[in-house]
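**Q** Have a look at the structure that comes next, please.
The values are calculated or read from the model by the stated rules, or taken from the named source; none is laboratory data. Since the structure is predicted, the reported quantities are computational estimates derived from the model, not experimental observations. Here the Cβ is made from the backbone with ideal geometry for all residues, glycine too, and neighbour counts use every protein chain on show. What goes into the accessible areas is simple: the full protein's heavy atoms, side chains included, and nothing from ligands, DNA or RNA. Shrake-Rupley method; radii C 1.70, N 1.55, O 1.52, S 1.80 Å.
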Amino acid sequence: MPGTCVIGLQWGDEAKGKVVDLLTDQHDIVVRYQGGANAGHTVVTGGQKFKLSLIPSGIFRPHVQCVVAGGVVINPQALLEEIDGLKRRGVTVGKNLMVSDRAHVIFPWHLEEDRLLDDCTGGEAIGTTLRGIGPCYRDKVGRSMAIRLGDLYQKNLRERIRRIAEAKQRMLAALADGAAIDALDGEAIYQRYAEYAERLRPYVADTTTYLLDAVDQDRRILFEGAQGTLLDIDHGTFPFVTSSNSSGGGVAAGSGVPPRYVTKVIGILKAYSTRVGGGPFPTEQDNEIGQHIRDRGDEYGTVTRRPRRCGWFDAVAARYTARLSGADVLAVMLLDVLSELPELMICVAYELDGQRIGHFPSQVDAVRRVVPIYETLPGWRQEITHVRRMDDLPENARRYLERISQLVGRPIEIASVGPDREQTIFASE
Ligand code: IMP
């Protein structure tokens, strides 16, 4: 069974949605398996721009089954709004969408906890998307205050929600330390969630069994990663990370499909680097170059519209994440954004405490201290948005891609020169 997965190799926002959309036709099933409505992907199709958070990009092809697997955390209101928004614009959402009954549910207290705890890291804030993602995953691991989608259909739901709301109210009051917090009315929350549950009922299913059956039937599955490998809870720039395994390792845990069935990993990289929220970013350009990239690449968060921090391509980080996520090939996105720059820099190594190092440090303080060692490459200063073959790219653009491939140690299969499906170069063509 060809199981392909698309994984971001930076700090998220690598334009994975476009690659998933390109590959969807060659697959029967598209699966989201971690994260939640903190993720945002933009898909441009038929001249229309769609922003998706929870629903896989495969939703635009009615013959493709979309699965939101058990590793995802669900805000039912956000999911319903997304479904309604798609339907309003004529997109079919029915049996082609399945949501796992194992997925954990985000409640109002999670949003409040996210707000109260974000700047408790002792200095710099994580800068979460404030969507309650981390607190929901925390309750999942803690178990006693967690509610899964399937639980919304159990008889004891009212009692459970009331009990948890009371406990959370006490916890939140302590966290707020005298500051005002919203009252959690357990009964009102129950009423709201019971209604969401009814509306979501047609989509809720045991997706783990569905996917294991699909594996047995040799169906082609595309796994759509959210965020990027450097935001992985275990292997990213902790604590400035998201709360799930956004590296390749998360596919099996989040979907239930064993790792051996993921036969191809496509690592997605921007031709430069961006990051939203706090945390170290060695190649950040907090200057006119960063601003140029931000303007040209429209680098503002899909979910929060926060301006993204922008910087040069970091090959040390990318080599680490390509290995960590097991990328077989690379897709380099947004190459056209660099078109006007006379010179481009690639970080090829770091200097840490006076020593040259080639690996990505495990400790966030060390990542903060590293000084990037750059190689300068000439820019191409020509529009490339119309180019469709590698051979037709300006020589300096080809050299830039070749250097990235060499430094990361993986072949480039796709280069993207614009947001539309057509603005794509496949190395094989
Ligand atoms: P959380 O996932 O909302 O808890 O946020 C944790 C960190 O991950 C913050 O720095 C966010 O900005 C970042 N983050 C979460 N989701 C995304 C994403 O889809 N793209 C980029 N950054 C993200």
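**Q** Quick check: the angle from helix 207-216's long axis to the longest principal axis of the chain, C-alpha only, nearest 10 degrees?
**A** 50
**Q** Express the accessible area of the chain per residue in Å², computed with a 1.4 Å probe while the remaining protein chains stay in the model.
**A** On the way: 17560 Å² over 429 residues.
With the other protein chains kept in place, the chain gives 41 Å² per residue.
**Q** Right, next: Out of Val99, Val367, Val68, any idea which swings most in a Gaussian network model of the chain, alpha carbons joined below 10 Å?
**A** Among Val99, Val367, Val68, the largest mean-square fluctuation in the Gaussian network model of the chain belongs to Val367.
**Q** Along the charge dipole of the chain, Cβ charges K/R +1 and D/E -1, which of Val99, Tyr261, Pro202 sits furthest on the positive end?
**A** Of the candidates, Pro202 comes out farthest on the positive side.
**Q** Sticking with this one: Decide, for segment 116-185, between rounded, prolate and oblate: order the square roots of the alpha carbon gyration tensor eigenvalues as a ≥ b ≥ c, take rounded if a/c falls under 1.5, and otherwise choose prolate if a/b is larger than b/c, else oblate. Mind showing how you got there, number by number?
**A** Numbers: a/c = 2.68, a/b = 1.56, b/c = 1.72.
The shape class here is oblate.
**Q** GNM on the chain, C-alpha springs below 10 Å: top fluctuator among Arg162, Arg296, Arg170?
**A** Arg170
**Q** Label Ala366 and Arg138 with points 7 Å out from Cα along Cα→Cβ: what is the distance between them in nm?
**A** Inter-label distance under the simple model: 2.8 nm.
**Q** Remind me, relative contact order of segment 16-73 in percent, using alpha carbon pairs under 8 angstrom and six or more residues apart?
**A** Working: 100 pairs, mean separation 25.1, N = 58.
That works out to 43 percent.
**Q** Lys/Arg Cβ at +1, Asp/Glu Cβ at -1, dipole of the chain taken about the Cα centre: which of Ala226, Phe360, Pro76 is farthest positive-ward?
**A** Going by the Cα projections, it comes out as Pro76.
**Q** Please give the Cα centre distance for segment 76-138 versus segment 10-40, rounded to the nearest Å.
**A** When both Cα centres are located, 16 Å separates them.
**Q** Is the C-alpha gyration tensor of segment 295-347 telling us rounded, prolate or oblate? Criteria: a/c under 1.5 is rounded; beyond that, a/b larger than b/c is prolate, otherwise oblate.
**A** Details: a/c = 2.02, a/b = 1.31, b/c = 1.54.
Oblate.
**Q** Among the listed pairs Lys16/Lys49; Lys51/Lys87; Lys49/Lys87; Lys51/Lys168, which have their C-alpha atoms separated by more than 22 angstrom in this model?
**A** Lys51/Lys168, as the Cα separations exceed 22 Å there.
**Q** Once you order the gyration tensor axes a ≥ b ≥ c over the Cα atoms, which shape class does segment 1-84 get: rounded for a/c under 1.5, otherwise prolate or oblate by comparing a/b with b/c?
**A** Details: a/c = 1.21, a/b = 1.14, b/c = 1.06.
Note, shape of segment 1-84 comes out rounded.
**Q** Now for a separate question. What nm distance separates the two modelled labels at Asp420 and Glu375, each placed 7 Å from Cα along Cα→Cβ?
**A** 3.4
**Q** Separate question: Using a 10 angstrom cutoff on alpha carbons, build the Gaussian network for the chain and name the most mobile of Thr242, Thr376, Thr304.
**A** So, out of Thr242, Thr376, Thr304, the one fluctuating most is Thr376.
**Q** What FRET efficiency comes out for Glu383 versus Glu195 if R0 is 56 angstrom and r is the Cβ-Cβ distance? Round to the nearest 0.05. Numbers along the way, then the final one.
**A** Details: r = 51 Å, r/R0 = 0.91.
Step by step, r from the Cβ atoms, then E = 0.65.
**Q** Multiplying the sequence separation of Asp84 and Thr45 by 0.36 nm and subtracting their Cα-Cα distance, what value in nm do you get?
**A** Numbers: separation 39, 0.36 × 39 = 14.04 nm, distance 1.81 nm.
My answer for the length gained is 12.2 nm.
**Q** Continuing with this model, one more query. Can you grab the distance from the C-alpha centre of segment 340-367 to the C-alpha centre of segment 191-269, Å, no decimals?
**A** Each part reduced to its Cα centre gives a spacing of 31 Å.
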